[in-house]
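Take a look at the structure below.
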Amino acid sequence: MTSPLRIGILGLVMIGFFSILGIRLWTMQVTEAQAYETRAEDNQVRVVLTPAPRGDIWDSKGVKLAGTRSALAAIIDLALIEADERGPLSQNLAAFLDEPASEIEELLSATNLGSQITVATDITDAQATFLLEHREMFPGVNVIPQPVRTYPAGEVGAHVIGYIGKPNEQDLEERDDINGEDFLGKAGVERAYDELLQGVPGVVEYKVDARRKVLSLENEVSPSAGGSLILTIDSEVQAQLQTSLQNGLMQARRLEMEERRLAIEEQSRDQRVAQALRDARAEALEQALEEKEALDAAVEAGEPTTTTTPDDGERRIGPVEVDEADVLSSLYSGLPIDADGICVPVQRVTIPHGGSATVTGIEPRLAKFESVATVDGELVAHVVVEGKSYKVGDHDPFAGTLRVLEISEDRLILNHSDPWCPIRAVGVVLDPNDGAVIAMSSYPTFDPTAFVDGLSVDQWNSLGTVSAFTNFAVQGQYAPASTFKTVPYVLALEENYYPINRGVGDKEIGEEQTGGSTQDDAPVVSTTTLLDGPQTPVNPEDQDEDALLPLRSDTDEYSCTGEFRFRLNDGSFQTKRDWIWPGAHGPLDLHGALQASCDLYFWDVALRLWNERGDDSGIDKENLLQEYARGFGFGSTTGIDLPFEREGLIPDRAWFISEQRDGSPRVRQDGSWVGGDLMDMAVGQGAVLATPLQMANGLAAMVNGGTVWQPYVVEEVVDQDGNVITENQPTILNQMDLDPRTTTLLLADLQQVVNNQERGTARSAFRDFGEGVELIGGKTGTGEIIKAPRSERFRQVDSAFFIGVAPVTDPEYVISVVIERGGSGGRIAAPVARQVFQFLMNGPEGVTPIAPGLDAD
């Protein structure tokens with residue numbers, strides 16, 4: 001075959017080959033494109049993230065307080081379902097989960113939950129199998145392992161541990177690494193250490209077909225758990241603290257009811273109301289007579305009047321009414337009670353529109369929600385309580401004990417409250433040598449487990465009404481009362497600064513000593529005891545000249561009478577009375593004044609500071625007490641590793657002026673910062689505020705030699721192999737340069753508060769302590785909330801305080817206890833601390849039943 005022929009044949013073959021190839025390529029691109037696209041889609045892979053277990057939380061001795069267990073969860077991958085499948089899917093899931101279909105549909109329509117939504121947690125193996133075997137009924141639904149938070153110790157340490165929950169809108173705005181399906185720490189260390197507790201999510205890869213139906217599991221990477229927290233908390237001490245706080249609060253409520261019973265025995269409710277009616281009528285008659293005299297004078301003067309004088313010369317007065325709840329206060333029979341007839345501080349009452357509810361009390365009342373109307377754009381409810389009609393809007397008080405919380409077309413929600421009933425108990429136990437928190441709690445408390453599955457509305461409302469979720473150890477701010485006397489005590493020793501020896505006479509004052517403060521019209525910031533009663537002043541000129549000189553040492557005696565009487569600039573007198581009045585302490589030096597809690601001694605220290613504020617010493621004496629208080633950590637946050645800490649308040653002139661300028665109700669609006677304000681602060685009253693943690697931490701610094709530690713609750717964070725990720729080293733916030741003698745004397749005097757059987761204000765509470773009571777020291781305090789005359793003690797409301805240390809020979813523990821609205825420190829708070837110290841010093845078998853102590857400041 002010739003070459004041209006061969007070339008021609010080869011060319012035809014090549015043309016044919018490329019023609020066939022071209023036709024094939026055209027067929028693949030045009031006629032089979034859809035088939036290849038389908039095959040490509042047949043090989044799609046869908047990635048699902050599986051949640052990581054949160055790290056565990058352990059106490060200081062290896063007891064697990066929070067952990068994680070494995071569970072199965074049903075999730076919906078929205079990318080795997082069509083729009084027209086959502087309706088049937090919602091119906092099928094509703095039937096499967098026994099939930100309303102509308103809730104499922106709402107969940108599927110949420111925009112903040114991401115593309116993978118959890119519709120059921122903690123499902124059974126049988127439920128999981130059913131979902132997987134009926135994929136056609138549940139498109140896009142997968143079953144994945146999901147960790148569930150557990151709290152094995154229940155309520156123990158709840159306020160330190162905190163709880164977890166779904167993120168709110170603010171969380172989602174602040175963090176771009178979360179969606180609405182994630183769980184975050186919401187309080188306690190769960191919140192403070194959330195990022196360390198969070199682990200790394202796992203990955204599950206599924207092969208899906210063109211219709212996005214799951215075909216098989218392609219790959220799986222397990223999640224990694226977060227870091228675990230090792231706390232400084234001792235769960236056994238924590239449990240005892242919580243038990244003792246509950247015991248103390250319940251005892252305070254029982255004693256409150258006993259006080260009411262005795263007051264009613266002395267004079268019945270009916271007798272008190274009848275007397276109030278007589279007084280009201282007499283007052284109305286007196287006013288009428290005054291008006292008649294004014295009218296007669298006008299007529300006699302020939303002035304025109306629009307009123308005629310009755311012929312009988314007396315102005316008729318109409319029926320006189322009194323508010324029974326106001327007259328009786330804590331004795332009112334409509335105040336809320338529990339099933340045992342014991343007072344409760346607040347109850348939540350819900351009344352459906354057109355329905356009624358029973359409002360508890362010694363004499364229960366029926367409240368009816370008759371109707372609701374819109375007035376000036378606001379809802380107004382018509383309520384009838386025991387036949388008496390009320391028109392009320394949002395937050396309106398009515399019927400003596402009720403206040404509106406919420407009005408809607410469907411229901412009315414009310415607060416039913418008793419402002420005289422003890423409301424809560426708070427406690428802290430610290431190591432004074434490094435700031436480690438050994439125990440911390442508020443009562444009422446909660447079980448964090450309730451948040452895992454989600455609190456019901458009723459649970460949330462019930463616990464929220466008593467602020468059970470709030471850690472009052474760091475968020476509660478209280479006037480620390482006489483526990484604060486430790487601050488001027490230290491000042492006196494460090495500065496060699498003692499009160500003027502005035503004997504039993506009146507206290508002369510400098511300019512602007514008390515401003516407009518009087519017994520009947522005390523300034524808003526003042527809560528010192530001011531009671532009516534005659535007092536014959538003693539002429540200072542009759543006193544010995546030496547008596548007007550300052551005391552020279554801490555052992556010089558001061559006359560602690562029951563009254564502190566001083567002259568105002570206008571020549572009139574004001575009287576402050578000691579808690580022991582009408583009794584008296586007698587002559588006491590600085591140490592006896594702290595042991596017996598003599599108000600007069602510390603008032604006079606402040607009075608001297610005020611009167612010498614402009615001397616040539618070079619010392620800012622007006623602010624010296626504040627300087628010491630702030631040095632011990634009062635008035636600023638401690639920096640503890642817990643959220644929402646409050647800073648308290650140490651007031652001064654600058655603060656007062658600022659508050660006055662802003663129109664704050666915390667200060668009087670006329671007058672200036674005066675010596676009376678400084679005197680109030682010296683005994684822990686007035687505007688001074690402190691958290692229970694600050695009270696404990698301040699005392700810790702005083703008894704350890706002056707080191708103010710930063711409190712902390714987390715010792716370290718470790719990984720799953722026990723390797724330390726981060727560690728909290730003890731941190732010094734401030735170092736007060738205290739003379740060792742000051743610390744030694746303070747510890748000795750605190751020991752006498754507990755052990756001195758003649759004047760120690762906590763002696764009765766610790767009398768049956770058992771072995772080691774001589775190693776316990778403390779200071780009681782009683783903070784006035786509602787002041788009442790001694791003849792009407794049932795109207796009085798005080799909060800009880802105690803701070804303590806043990807052993808006084810080498811301090812290892814410092815404690816603070818607050819019983820809000822509980823009564824006196826010696827009677828109520830000290831017995832709670834006694835139980836905790838018994839546990840710490842003598843073990844659980846050494847704890848004796850709670851019992852009231854001496855009714856002392």
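The values are calculated or read from the model by the stated rules, or taken from the named source; none is laboratory data. Quick caveat: nothing in here was measured; it's all calculated off a predicted structure. Every residue, glycine among them, receives a Cβ derived from its backbone with ideal geometry; neighbour counts consider all protein chains shown. Note: accessible area is taken over every heavy atom of the protein model, side chains too, but ligands, DNA and RNA are not part of it. Shrake-Rupley method; radii C 1.70, N 1.55, O 1.52, S 1.80 Å.
Brief remarks on what is shown
- Test: residue in the stretch 366-387 that is in contact (Cβ under 8 Å) with a residue 60 or more places away in the chain, farther than 27 Å from ILE786 by Cβ and buried (at least 20 other Cβ atoms within 10 Å of the Cβ): no
- In the stretch 824-845, the residues that are of a type in the set (Gly, Ala, Ser) and buried (at least 24 other Cβ atoms within 10 Å of the Cβ): SER824, GLY825, GLY826, ALA829, ALA830, ALA833
- Where a residue in the stretch 213-232 is free of Cβ contacts under 8 Å to residues at least 60 places away in the same chain and in a strand (DSSP E or B) and its partner, wherever it lies, is open to solvent by less than 40 Å² (accessible area, probe 1.4 Å) and among the small types (Gly, Ala, Ser), with Cβ under 7 Å and at least six apart: VAL221/GLY202
- Extreme residue, nearest to PRO336 (Cα to Cα), among residues of the stretch 392-425 that are among the charged types (D, E, K, R) and in contact (Cβ under 8 Å) with a residue 12 or more places away in the chain: ASP418
- Yes/no for PRO152 being closer than 30 Å to ALA439 by Cβ and either of a type outside the set (A, V, I, L, M, F, W, C) or not in a helix (DSSP H, G or I) (or both): yes
- Every residue from the stretch 605-615 that is touching a strand residue (DSSP E or B) at 6+ places or on another chain (Cβ under 9 Å) and either under 15 Å from SER482 (Cβ atoms) or surrounded by fewer than 24 Cβ atoms within 10 Å (Cβ to Cβ) (or both): ARG608, ASN611
- Members of the stretch 685-725 that are open to solvent by less than 10 Å² (accessible area, probe 1.4 Å), in contact with a helix residue (DSSP H, G or I) (Cβ under 8 Å, 6 or more places away or on another chain) and not hydrophobic (A, V, I, L, M, F, W, C): THR691, PRO692, GLY698, GLY706, PRO711
- Of all the listed residues (SER70, SER102), the sole one being among the small types (Gly, Ala, Ser) and in a helix (DSSP H, G or I) is SER102.
- Of the residues in the stretch 662-672, at least one is surrounded by 15 or more Cβ atoms within 10 Å (Cβ to Cβ), among the aliphatic types (A, V, I, L, M), under 30 Å from the mean Cα position of the chain (by Cα) and more than 30 Å from PRO711 (Cα to Cα).
- Looking at GLY778, GLY853, just one residue is outside the structural domain of ALA690 (by TED's automatic domain parsing) and in contact with a Lys or Arg (Cβ under 8 Å, 6 or more places away or on another chain), and that residue is GLY853.
- Taken over the stretch 576-592, the criterion of being modelled with pLDDT under 95 and assigned to a loop (DSSP other than H, G, I, E, B) is satisfied by ASP578, TRP579, ILE580, TRP581, PRO582, GLY583, ALA584, HIS585.
Table: residues versus (1) open to solvent by 10 Å² or more (accessible area, probe 1.4 Å); (2) out of contact with any helix residue (DSSP H, G or I) (no Cβ under 9 Å at 6 or more places or on another chain); (3) of a type in the set (Val, Ile, Thr); (4) over 25 Å from SER228 (Cβ atoms).
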{"position": "ARG135", "(1), (2), (3), (4)": "yes, yes, no, yes"}
{"position": "VAL143", "(1), (2), (3), (4)": "yes, no, yes, yes"}
{"position": "ARG149", "(1), (2), (3), (4)": "yes, no, no, no"}
{"position": "ILE161", "(1), (2), (3), (4)": "no, no, yes, no"}
{"position": "LYS166", "(1), (2), (3), (4)": "yes, yes, no, no"}
{"position": "GLY188", "(1), (2), (3), (4)": "no, no, no, no"}
{"position": "ALA192", "(1), (2), (3), (4)": "yes, yes, no, no"}
{"position": "GLU205", "(1), (2), (3), (4)": "yes, yes, no, yes"}
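- Qualifying position, being buried (at least 20 other Cβ atoms within 10 Å of the Cβ), out of contact with any strand residue (DSSP E or B) (no Cβ under 8 Å at 6 or more places or on another chain) and closer than 20 Å to GLN595 by Cβ, among ARG767, ARG763, ARG741: ARG763
- Here TYR497 meets each of (1) closer than 28 Å to GLN347 by Cβ; (2) open to solvent by less than 40 Å² (accessible area, probe 1.4 Å); (3) not small (Gly, Ala, Ser); (4) not in a helix (DSSP H, G or I) with one exception, condition (1).
- Of all residues making up the stretch 445-469, the number that are among the polar types (S, T, N, Q), touching a residue at least 60 places away in the same chain (Cβ under 8 Å) and open to solvent by less than 50 Å² (accessible area, probe 1.4 Å): 3
- Qualifying position, being modelled with pLDDT under 95, over 24 Å from THR470 (Cα atoms) and aliphatic (A, V, I, L, M), among VAL674, VAL683: VAL674
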